[in-house]
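Here is the structure we will look at, set down as structure tokens.
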Amino acid sequence: MQFDIAVLPGDGVGPEVTAEATKVLETVGQKYGHSFHFHYGLVGGAAIDKYGLALTTETLGMCRKCDAVLLGAVGGPKWDDPRAKVRPEDGLLALRKKLGLFANLRPVKVFPQLINSTTLKPEVVRGVDLIVVRELTGGLYFGKPKKNWQTAKGRRAVDTMAYSEMEIKRILKVGFELARRRHKKLTSVDKANVLETSRLWRQIATEMSHDYPDIALEHMLVDACAMRLVQRPVDFDVLVTENTFGDILTDEASMLAGSMGMLPSASLSEIPQGETSKVFGMYEPIHGSAPKRAGQNLANPIATILSASMMLRYSFDLVTEAEAVEKAVTTVLEESYRTYDIMEEGKIQVGTREMGELITKRIGK
Ligand code: IPM
Ligand code: MG
């Protein structure tokens, strides 16, 4: 089979980690008889420097023509001026919105090999295997009005949290469907004691639960959820929540896995049906551009490599191949190789390229 992949390395460590993920995909192609064609484009600060825009219509058009998008990371101190007209993040947000990628899946799986590299107690994180379904194209990120202006009494700014029934239903459906294929438990996270959008969200979740009698639905307030995630994370199976809450909770949840450098994500434009699917999606690590680590062959490429594996699964319907990548990652960790972020005494520290190479070599073994 032949697949076209748009590769947007972005800024900071983005180019380094995407380079390893494309190598992994190439190897998967060779071993399993597929051809992956990579089409490169600029996004974020790199695009601002070249075109004055964080995402050009050409790059967006190129992504639309491909079967999936692989993204590194965007942002950095160079473009951080709060008065700047364009920000690298605008490119990422435009991609999400314009490509209709409303469903962001962020699995958090604790590798037993890394049980001691977290800041939490091993007995708390052992066996954690949860997935956060984050709504990605609504809420505070996109609600209007959104502005910053001067009033007679000083400066003022506003962001708007808005959700329609359609937006809530389709993301909850992703949560229910995923829960059905996993351990049948869905935690819907909101702030219904304060927010109207959350009260609508909770109402709709309860209504939809009648169509999913096999799923145990629980509602949880976001503040309580933040606490539970570090107190008893093994209790969670599927969590579903709105954009901002999902952003915050997944950074927190990444610490269960030991490092942000371990967590992949998939942003999908449709509700995946079954174990796999062929839906259009964008795949990226949840970590940022880590400008301090850029260009030093330090960054952990595993999050991006696991994102590529999610691409194989959700956009290309290639489960065996996806599993082969996951297995290769496990093997390399088992063999004690670590990047700096997950390094422990007695392990072997390697760089971005070496980690990518080690994983590549173990694919299909
Ligand atoms: C994420 C990131 C982005 C977000 C930033 C870079 C705009 O933190 O993907 O979690 O807030 O969604
Ligand atoms: Mg984030």
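The values are calculated or read from the model by the stated rules, or taken from the named source; none is laboratory data. All figures in this text were calculated on a predicted structure; none of them were measured in a lab. Cβ coordinates were reconstructed from backbone atoms using ideal geometry, including for glycine residues, and neighbour counts include every protein chain displayed. What goes into the accessible areas is simple: the full protein's heavy atoms, side chains included, and nothing from ligands, DNA or RNA. Shrake-Rupley method; radii C 1.70, N 1.55, O 1.52, S 1.80 Å.
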| Net charge, N193 excluded, C-beta distance under 11 Å - Lys, Arg +1, Asp, Glu -1 | +1
| Within a Gaussian network of the chain (alpha carbon springs, distance under 10 Å), most fluctuating of G138, G246, G14 | G138
| field | Of A19, M255, V86, farthest towards positive along the dipole that unit charges on Lys, Arg, Asp, Glu beta carbons give the chain | value | V86
| task | Quick one: what are the phi-derived ³J(HN,Hα) couplings along the stretch 40-56, Karplus 6.51/-1.76/1.60 with θ = phi - 60°, whole Hz, x for glycine and proline? | result | 8, x, 9, 8, x, x, 4, 6, 4, 4, 8, 10, x, 9, 6, 7, 8
| Looking at G143, A103, V128, which one has the Cα that reaches farthest to the positive end of the dipole of the stretch 96-161 (charges on Cβ: Lys, Arg +1; Asp, Glu -1)? | G143
| remark: Counting only residues 5 or more apart in sequence or on a different chain, those whose built amide H sits under 5 Å from that of G72 are L8, G10
| query | Given H placed 1.01 Å from N in the peptide plane, which residues other than close sequence neighbours of E218 have an amide H under 5 Å from its amide H? | reply | L186, T187, S188
| message | How big is the dipole moment of the chain about its Cα centre under a simple scheme where the beta carbon of each Lys and Arg is +1, that of each Asp and Glu is -1, and everything else is neutral? Debye, nearest 20, please. | response | 740
| note | dims of the stretch 223-282, Cα set, principal axes, largest to smallest, nearest Å -> 36, 23, 22
| message | For the stretch 232-365, take N as its residue count and report Rg(C-alpha) divided by 2.2 N^0.38 Å. | response | 1.09
| task | List every residue whose amide H lies under 5 Å from the amide H of T160, counting only residues 5 or more places away in sequence or on a different chain, with H placed 1.01 Å from N in the peptide plane. | result | G143
| query | If one computes the Cα centroid of the stretch 286-347 and of the stretch 95-123, what distance in Å separates the two points? | reply | 12
| query | What percent does the relative contact order of the chain come to when contacts are Cα pairs within less than 8 Å and at least six residues apart? | reply | 21
| Once you charge only the Cβ atoms, +1 for Lys and Arg and -1 for Asp and Glu, what is the size of the charge dipole of the stretch 118-257 about its Cα centre, to the nearest 20 debye? | 440
| query | Hey, what do the phi angles of the stretch 282-299 turn into as Karplus ³J(HN,Hα) couplings, whole Hz, using 6.51/-1.76/1.60 and θ = phi - 60°, x for Gly and Pro? | reply | 10, 10, 7, x, 7, 6, x, 7, 6, x, 5, 9, 5, x, 10, 6, 10, 4
| Rounded percent of accessible protein surface that carbon and sulfur make up, the stretch 101-178, 1.4 Å probe | 52
| remark: Dividing the helical contributions, -39500 (n - 2.57) per DSSP H run of n ≥ 4, by the residues of the chain yields a 222 nm value, nearest 500 deg cm²/dmol, of -12000 deg cm²/dmol
| field | the chain: DSSP helices with Cα axial extent of at least 15 Å and average Kyte-Doolittle hydropathy no lower than -1.0 | value | 14-32, 88-98, 165-181, 196-209, 243-254, 302-314, 319-334
| said: Need one number for the chain: average projected area of the convex hull over its C-alpha atoms, nm². | reply: 18.6
| remark: Per GNM of the chain with C-alpha springs under 10 angstrom, the most fluctuating residue out of K327, K98, K185 is K98
| message | Pick from P122, P107, P272 the residue whose mean-square fluctuation is largest in a GNM of the chain, springs joining Cα atoms under 10 Å. | response | P122
| field | Solvent-accessible area per residue for the stretch 118-257 (1.4 angstrom probe, square angstrom) | value | 49
